[in-house]
Amino acid sequence: MAARVADIDVILQEKEDDIPCCPHVNQIDHSDITMKVKIQQKDTVCICILIVKVNFYTTVLLITGPALLFVKYGGDEDSQKRFYACSAFRDRKECNFFQWEDEKMTDIKRKNREEVNKSMQPKFTHHEFRERTFCETCGLFLLKEERKWHKGQGHNLKASITEEMCQKPSKLFLPLENNKTYAQYLFAESAVKFTLKVLNDLDISHVLCVGAPRIHESIMESNKMKTLLLDLDHRYFCRYNMFNHHFFDGGKSEDVFKKFVKETGKSNVAMVIDPPFGGMVEALAASINSIITTWRQESNTRITECLPEFSMLDYKVDYDNHGLFRGDTKKYGSPVRIFTNVSPEHIILPEVEGYWFCKLCRRYSAKENVHCQMCDSCTSK
C-alpha cells in the first residue's frame, strides 16, 4: 500500500504535536470513533470532522455505493451534527449527496438520486463495442458506425489496437487524474518490477490487486501467479470501492471475488493496494479487514493481521503520470513509500539503486540514510 511520506502522521501519528489541539476531541467517546479525519481552526471556532464507526447509509445508493456517516463538531461543545456524504469523492461537483442523519429519505429524493446516478453511468457498455477502434475519451471500443459520431464530438480515437495494448489497458486508457475523485496515477515500470520481484521471492501464488492495474497486468503477462483486479474505474472488469467495501454490477463483481478467494486454498496469497492520495485511511482499513474476513470465511488460508502491524519500507515508488511523485523531479527521489505487513528483513531492495542492508536494523535502507545509535534505526535526519 503506497502512501505519501507527508501523510505518515495521519497513518501512524508520528508527531502528536503536529495535530492541532481541539477541545472536543477529549470529550468524545473514542470507542465510538474510528479515527480523526480532519481538524480545522478558523479564528476562534474549531470544526472537527470525524467518521463515526464506519456506518453505511444503504437506503439509497450513490454512484460510488453506500454513503459514509460523518459527525461535525462546531464552536459550541453541544453543537454536533451527523450527516451522510459520499465515501470516495471529496469534490461535491462529482457527487453532491448530503443528508443529515435524522433527515427522512422521501420517494422524491430517492427518485432524484436514481436519476443522478443514471446520468453519471457510462453511456455505453463493453458488450456493445467489440472492434479495434478505441475512444480514449469514453474508454470504449467502437463499432464502425459509431466512429463518425465520436469523432464529430471531438473525442480522441485510437486505431490499430494490438493484442499487447489490449493486455495492458492501463496504457490504453487515459488516466482519471482528478485528485478529488479517482486520482488515478500509475506505477512506473521500476516500481512494477520491484513489486513482482518481492512477490516472487515470497513464493506468492495468488495476488489480489486493489486499485493497482499495472501490477495486475504484469502478473497476467508473466503467467507465474494468478491475479484479480478490483477497481472503482468502470472501464475495468470488477468494479469495487475500496472506501466502503462496495461491489458493483448487482453482485457479479463480488461473486468473481469470492470465486477467486476460494481458488486460493492453502496457497500463499498477497494483496497489493494503491489507494488515492489523501484518501480516508480509517475507511480503507475497514475495507481491508472486510476483505480479510471474507478470505478467512471462504478459504482456510491464514492471513497475517492487518494494519496495526504495517511498517514502512524505504523503497521509493515512482509514478509515470504524476508531476511530483517521480525520481527525476525530487532531489531525494519520490516521497511515496510502501507499507506492508511482511517483515522488512524479507524484502530485498535493489542495491544498484543505492539501497543497502543494515545489519543492525536487519533491513534495507535508502542510500542517504545513516544508522543512528541513539534511535537504533536508520534515519534520514
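Among the residues of segment 77-120, write down those that are under 24 Å from the mean Cα position of the chain (by Cα) and either without any contact (Cβ under 8 Å) to a residue 24 or more places away in the chain or open to solvent by 90 Å² or more (accessible area, probe 1.4 Å) (or both).
Selection gives Phe83, Ala85, Arg90, Arg92, Lys93, Asn96, Phe98.
Give me the residue from segment 169-189 that is touching a helix residue (DSSP H, G or I) at 6+ places or on another chain (Cβ under 8 Å) and not in a loop (DSSP other than H, G, I, E, B) and, out of that set, farthest from Asn241 (Cα to Cα).
Within segment 169-189, the match that is farthest from Asn241 (Cα to Cα) is Lys171.
Identify, from the list Leu196, Leu232, Leu174, the residue that is at pLDDT 90 or above, out of contact with any strand residue (DSSP E or B) (no Cβ under 7 Å at 6 or more places or on another chain) and not basic (Lys, Arg).
After ruling out the rest, the residue left standing is Leu196.
In segment 157-181, what count of residues is obtained for those that are of a type outside the set (D, E, K, R) and without any contact (Cβ under 8 Å) to a residue 40 or more places away in the chain?
Adding up the residues that qualify gives 9.
Please indicate, with yes or no, whether at least one residue in segment 189-201 is open to solvent by less than 20 Å² (accessible area, probe 1.4 Å) and within 24 Å of Val256 (Cα to Cα).
yes
Output yes when any residue across segment 351-364 is under 22 Å from Lys197 (Cβ atoms), assigned to a loop (DSSP other than H, G, I, E, B), at pLDDT 85 or above and open to solvent by less than 20 Å² (accessible area, probe 1.4 Å), and no when none is.
yes
From the list Ser290, Ser343, pick out the single residue that is open to solvent by 30 Å² or more (accessible area, probe 1.4 Å), at pLDDT 85 or above and closer than 30 Å to Ser87 by Cβ.
Ser290
Say whether the condition of being of a type outside the set (Val, Ile, Thr), closer than 13 Å to Ile273 by Cα and not in a helix (DSSP H, G or I) is met by at least one residue in segment 193-207.
No, because not a single residue in segment 193-207 is of a type outside the set (Val, Ile, Thr), closer than 13 Å to Ile273 by Cα and not in a helix (DSSP H, G or I).
Looking at (1) in a helix (DSSP H, G or I); (2) open to solvent by 30 Å² or more (accessible area, probe 1.4 Å); (3) touching a Cys at 6+ places or on another chain (Cβ under 9 Å), which is the one condition that is false for Lys259?
Status for Lys259: all satisfied but (3).
Kindly evaluate Asp231 against the criterion of being among the acidic types (Asp, Glu) and surrounded by 14 or more Cβ atoms within 10 Å (Cβ to Cβ).
yes
The values are calculated or read from the model by the stated rules, or taken from the named source; none is laboratory data. If you're wondering where the values come from, they're calculated on a predicted model, not measured in any experiment. Cβ: placed from backbone, ideal geometry, glycine included. Neighbour counts: every protein chain shown. What goes into the accessible areas is simple: the full protein's heavy atoms, side chains included, and nothing from ligands, DNA or RNA. Shrake-Rupley method; radii C 1.70, N 1.55, O 1.52, S 1.80 Å.
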